[in-house]
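Comments concern the structure below.
The values are calculated or read from the model by the stated rules, or taken from the named source; none is laboratory data. What you are looking at is a predicted structure, and each value in this text was computed from that prediction instead of being measured. No Cβ is skipped: glycine too gets one built from the backbone with ideal geometry, and neighbour counts run over all protein chains shown.
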Amino acid sequence: MEPSLPASTQEMLDSLVTVGYLKKLFRRGDLTILSWRQKHGLPHIRIKGDARSAIRYNLTEVLAWARANRKRVFPVNESDTS
């Protein structure tokens, strides 16, 4: 039996999304998302890995950032989140 994560930790992990999700959410490309992250403070999380670090985004924080920076967001289909 695998140990379970505390509910708050699991909720946080469930709300982490990839750059692919953000591209659909904002209808923008990789370079725009990268620019927003580097120059405009788009909140992100760096997850240490073996070969390189992965970048993930907390959806709640991203939506708050989008509201504060007047960025338009679009609906993302649950079936289209890969």
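Summed over the stretch 34-61, the residues that are under 15 Å from Leu16 (Cβ atoms) and in contact with a Phe, Trp or Tyr (Cβ under 9 Å, 6 or more places away or on another chain) give a count of 7. Exactly one residue out of Arg67, Arg72 is farther than 17 Å from Leu16 by Cα, assigned to a loop (DSSP other than H, G, I, E, B), at pLDDT 95 or above and among the basic types (Lys, Arg): that is Arg72. Residues of the stretch 28-64 that are surrounded by 12 or more Cβ atoms within 10 Å (Cβ to Cβ) and part of a loop (DSSP other than H, G, I, E, B): Arg28, Leu42, Pro43, His44. Looking across the stretch 45-69, the residues that are free of Cβ contacts under 8 Å to residues at least 40 places away in the same chain and of a type in the set (A, V, I, L, M) come down to Ile45, Ile47, Ala51, Ala54, Ile55, Leu63, Ala64, Ala68.
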